[in-house]
1. How much accessible area per residue does the range 32-89 have, in Å², with a 1.4 Å probe?
2. Probe radius 1.4 Å, ligands and nucleic acids left out: which of Glu161, Glu29 has the largest accessible area, and how do the rest follow?
3. Taking the range 37-141, which trypsin sites (Lys or Arg not before Pro) meet the DSSP loop condition and have no more than 16 other C-beta atoms within 10 Å?
4. Rounded to a whole number, what % of the accessible area of the range 20-61 do carbon and sulfur atoms account for, probe 1.4 Å?
5. What does the C-alpha gyration tensor say about the overall shape of the range 66-114? Classify as rounded when a/c is under 1.5, otherwise prolate if a/b is larger than b/c, or oblate.
6. When the Karplus curve 6.51 cos²θ - 1.76 cosθ + 1.60 is applied with θ = phi - 60°, which whole-Hz ³J(HN,Hα) does each residue of the range 95-104 get, with x for Gly and Pro?
7. Output needed for the range 62-160: three equivalent-ellipsoid semi-axes, defined as square roots of 5 times the C-alpha gyration tensor eigenvalues, in descending order, whole Å.
8. Specify whether the C-alpha gyration tensor of the range 1-134 places it in the rounded, prolate or oblate class, a ≥ b ≥ c being the square roots of the eigenvalues: rounded for a/c under 1.5, otherwise prolate if a/b is larger than b/c and oblate if not.
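The values are calculated or read from the model by the stated rules, or taken from the named source; none is laboratory data. Quantities reported herein were computed from a predicted structural model and do not represent experimental measurements. Neighbour counts run over all protein chains shown; Cβ positions are idealised from the backbone, glycine included. These area figures cover heavy atoms from the full protein model, side chains too; ligands, DNA and RNA do not enter into them. Shrake-Rupley method; radii C 1.70, N 1.55, O 1.52, S 1.80 Å.
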Amino acid sequence: MSNNKLTVKERKNMFRRWIFSAGLGYNYESQQAPSVAFSMRKALRKIYSNDDEYIDAMDNHYKYFNVTPQMGNIILGATLAMEEKDGIEAKDAVQSLKTSLMGPLSGVGDSVFWILIPTIMGSIAATIASQGQPWGIFLWIAVAVAYDIFRWKQLEFAYKEGVNLINNMQSTLTALIDAASVLGVFMMGAL
């Protein structure tokens, strides 16, 4: 059981590290695991003052991880809450949570963040810019900023809700995945 509660500053540090490393710390063996370990390093150090527990937790986060980067904050926030609450005893539960959420959240994230929003907003911004209006690029920048604000809210929500998030959202997540799949197919047909 950990008595070291993470502050907002430490969670923001983890969030910034995840945003800037999600695509950079990629390898073919463990996919985004280096980015997860890098982003959670300081938070885990605060949670685990014992070196052996810290190393064990870092090893646990260096296992296979692959999710749409915009949706990874939900998983990382919930795992931080679990580790903060239960300490190293939550090691297997943390890995199970990560493994079970990667696929569903990637399905939603890929459809929304890689297909739907860039297609719609990109075509609007490109049309505006092609007409000689410079604010087309600012529209695209505003979308990028909105992504980051949304990602921060995800992390905070998942951190505060912790494991309850998964139990409460199980049926909602299934419906959301089905809706995103239909929307993705619709968008690909429209393209």
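1. Details: 2160 Å² over 58 residues.
Accessible area per residue, the range 32-89: 37 Å².
2. Glu29, Glu161
3. When the trypsin sites (Lys or Arg not before Pro) of the range 37-141 are filtered for loop state and at most 16 Cβ neighbours within 10 Å, Lys63 remain.
4. On the way: 1170 of 2200 Å².
Looking at the range 20-61 in its full context, I get 53 percent from C and S.
5. Prolate, because a/c is 1.5 or more and a/b exceeds b/c.
6. Listing the rounded values in order: 5, 5, 4, 4, 5, 6, 9, 4, x, x Hz.
7. Working: eigenvalues 251, 38, 12 Å².
Square roots of five times the eigenvalues give 35, 14, 8 Å.
8. Judged from the Cα gyration tensor, the range 1-134 comes out prolate (a/c at least 1.5, a/b above b/c).
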